[in-house]
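The values are calculated or read from the model by the stated rules, or taken from the named source; none is laboratory data. On a predicted model such as this, the values are computed, not experimentally measured, just so you know. Glycine also receives a Cβ, built like all others from the backbone with ideal geometry; neighbour counts cover every protein chain displayed. Remember, those area values only see protein heavy atoms, side chains included, never the ligands or the DNA or RNA. Shrake-Rupley method; radii C 1.70, N 1.55, O 1.52, S 1.80 Å.
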Amino acid sequence: MIAFLPGTRRRRGVVRRAAAGTACVSLAVALTACGSPEDPDAGTNGVGKLSPTKIQQKTLAAAEGAPTVRISGKLVSGRRTYELDMQLTGNGGKGEVSTKDTEFSLLRIGKELYVKADAGFWAHQEGGTPSRTDSAAAAKLDGKYVKVPAADRTYRQFSGFTEKDALLDTLLTLHGKLARGEHSTLGGTRTIRISAAQGNGGTLDVSLEGKPYPLRLNRAGGAGTVQFADWGKRIDLAEPDKNDVVDYGESIGSGN
């Protein structure tokens, strides 16, 4: 028979009550933590707490102040849908553009604009069914950088894809009353969304990390979705080799 020391049962009761009390406190702390969600703006640049108008102002200022950007995605303009992937600076840009029927590369350095495409692209530029002469001329341009004259009607059409500030001004315009949406993530980056006209006027996802750069735009009226990346990263624009350049002088004779 085991003999208990005096007061043993009493001490054990105290220990049990103390342990139970500690467990209750731990459970209460755990429940409190679970019931208190983290601040979605903690550790961010703070724009998620601003009004949608202020968020738009901040992101436009950040975009305008960036020396470079990469813009990719789909743009619907009139009856045409363009897929683009352009790297842009304040002095030019380079990249790829494609439509349902064709694709081409663009390079602009200052006022000098070059278009590079296959023979089918240049034959199509004449409009209608190309003649044998047109096809022969187009074949000479296959894979070459064609220098587009500033006076040619296609210069503005092509150069528009290479003009950083003008393209951003057009794309980052939302139409209608602004509202602040949900916090989310995009490519691992925390974001806040602003929308116009309940989304019908476009939506814009803005970075909550670092500068409040725009990261993704859903254009109004289903006119495409565009991604913005590589803000401020260096972009090298180099003149093509002279042997790969065709200069048509005053006009390339485009029919589009």
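For Thr185 and Thr170, calculate 0.36 nm times their separation in residues minus their Cα-Cα distance, and state this gained length in nm to one decimal.
Values: separation 15, 0.36 × 15 = 5.40 nm, distance 2.48 nm.
Taking Thr185 through Thr170 to full extension adds about 2.9 nm, to one decimal.
With r defined as the distance between the Cβ atoms of Gln157 and Gln57 and R0 fixed at 41 Å, what FRET efficiency is calculated, to the nearest 0.05? List each step's numbers first, then the result.
Values: r = 31 Å, r/R0 = 0.76.
According to the calculation, E is roughly 0.85.
Starting from the Cα of Ala197, step 7 Å along the direction of its Cβ; do the same at Thr133; then give the gap between the two resulting points in nm.
It is 4.9 nm.
Evaluate the distance, in nm, between pseudo-label points positioned 7 Å from the Cα of Val76 and of Ala223 along their respective Cα→Cβ axes.
1.1
Return the FRET efficiency for the residue pair Glu64, Val246: r is the Cβ-Cβ distance, R0 is 25 Å, and the value is rounded to the nearest 0.05. Each step should come with its number before you reach the end.
On the way: r = 36 Å, r/R0 = 1.43.
It comes to 0.10.
Using 0.36 nm times the number of residues separating Lys111 and Asp142, minus their current alpha carbon distance, what extension gain do you get?
8.9 nm
Given the protein chains as shown and a 1.4 Å probe, how many square angstrom of Glu83 are accessible, to the nearest 10?
My reading of the accessible area for Glu83 is about 80 Å².
Relative contact order for the stretch 120-213 using alpha-carbon pairs under 8 Å, separation at least 6, rounded to a whole percent? Let's see the in-between values first.
Values: 93 pairs, mean separation 14.0, N = 94.
Answer for the stretch 120-213 is 15 percent.
Lys and Arg at +1, Asp and Glu at -1: add these up for the other residues within a Cβ distance under 12 Å of Thr225 and post the number. Please list the in-between numbers first.
Numbers: positive: Lys74, Arg216, Arg219; negative: Glu83, Asp205.
Surrounding charge for Thr225 is +1.
All other residues with a Cβ under 15 Å from the Cβ of Asp169 taken together, and with Lys, Arg as +1 and Asp, Glu as -1, what is their net charge?
Local net charge: -1.
So what is the relative contact order for the stretch 54-110, in percent, with contacts set as C-alpha pairs under 8 Å and at least six apart?
Values: 87 pairs, mean separation 13.0, N = 57.
About 23 percent, as a whole number.
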